[in-house]
1. Only one residue in 112, 138 is farther than 15 Å from residue 68 by Cα, touching a strand residue (DSSP E or B) at 6+ places or on another chain (Cβ under 7 Å) and at pLDDT 90 or above. Which one?
2. Just checking, which of 166, 182, 162 is at pLDDT below 90, part of a helix (DSSP H, G or I), closer than 19 Å to residue 274 by Cα and assigned by TED's automatic domain parsing to the domain that holds residue 33?
3. Consider segment 185-243. How many of its residues are assigned to a helix (DSSP H, G or I) and more than 30 Å from residue 258 (Cα to Cα)?
4. Out of curiosity, is residue 107 at positive phi, surrounded by 16 or more Cβ atoms within 10 Å (Cβ to Cβ) and either in a loop (DSSP other than H, G, I, E, B) or at pLDDT 75 or above (or both)?
5. With the condition kept exactly as written, say whether any residue in segment 33-41 is assigned to a loop (DSSP other than H, G, I, E, B) and surrounded by 14 or more Cβ atoms within 10 Å (Cβ to Cβ).
6. Would you mind finding the one in 191, 174 that is assigned by TED's automatic domain parsing to the domain that holds residue 30, at pLDDT 75 or above and within 30 Å of residue 242 (Cβ to Cβ)?
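The values are calculated or read from the model by the stated rules, or taken from the named source; none is laboratory data. Given the structure is predicted, the values throughout are model-derived calculations rather than measurements. Glycine gets a Cβ as well: all are built from the backbone with ideal geometry, and neighbour counts include every protein chain shown.
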């Protein structure tokens, strides 16, 4: 009976311990996770796919269409004429049509249709039975005023512009998300380093307090210095608590808001360290590069 309760308890403890394992992330890994898990960006990507389907739908209007129709008729009726030489007159017809049409970019439409019909009857006066009739028609429809020319492709052009604008917006969202992840990543790294420094200062103040207490017991130092050392330790304790709160807020901003890793209960550990680079860029080149990548400027250029 004890094993039945101990084994599930050990399993639960092992699962909780594994869930608390820290997650080491580099800056690139954090950006990749954000691009993969961000709900807003995924929704925008689905919207871009809808715009692409709209372009395909509009272009399909100018594709070729093929239609096929079959019709069979059968009639039976009493004979009212002696020329038919039958008591029951039966007749039948089988017709088939096939057509191919093409929407033109000028607003017109061209179509080709072939039809064939077979008529049969048991009447005696029919010299030829069955009788076949065929036809081939070529139709051309072209508006001369309304709907002519490029106006018929406005839907395609608008759908294509909408798809391109959606792509530009997605690129802007992805670039903005990368910037936010980078800022939150460095904020978390700074908060963790700041916490580590505050903890070192607190440990140093505790050692100073211990030293002052020993010196006061030996009569070398006054008790007022003990009080000052205790005040300093309390002040640094307060700073450590504030630093812990700032680090927790920075981790939440990176984890839940950007990376969408709510199921991961372990601590996020940044592994990428900041590097120093020298800047020697050209102003005009930088402005041109910024304009070529700015989503707002690119969207305004479509109008």
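1. The conditions single out 138.
2. 182
3. Qualifying residue count, segment 185-243: 33.
4. Working: at positive phi: yes; surrounded by 16 or more Cβ atoms within 10 Å (Cβ to Cβ): yes; either in a loop (DSSP other than H, G, I, E, B) or at pLDDT 75 or above (or both): yes.
For residue 107, the condition - at positive phi, surrounded by 16 or more Cβ atoms within 10 Å (Cβ to Cβ) and either in a loop (DSSP other than H, G, I, E, B) or at pLDDT 75 or above (or both) - is met.
5. Yes, there is a match, as at least one residue in segment 33-41 is assigned to a loop (DSSP other than H, G, I, E, B) and surrounded by 14 or more Cβ atoms within 10 Å (Cβ to Cβ).
6. Values: 174 fails: within 30 Å of residue 242 (Cβ to Cβ).
So the residue among 191, 174 that is assigned by TED's automatic domain parsing to the domain that holds residue 30, at pLDDT 75 or above and within 30 Å of residue 242 (Cβ to Cβ) is 191.
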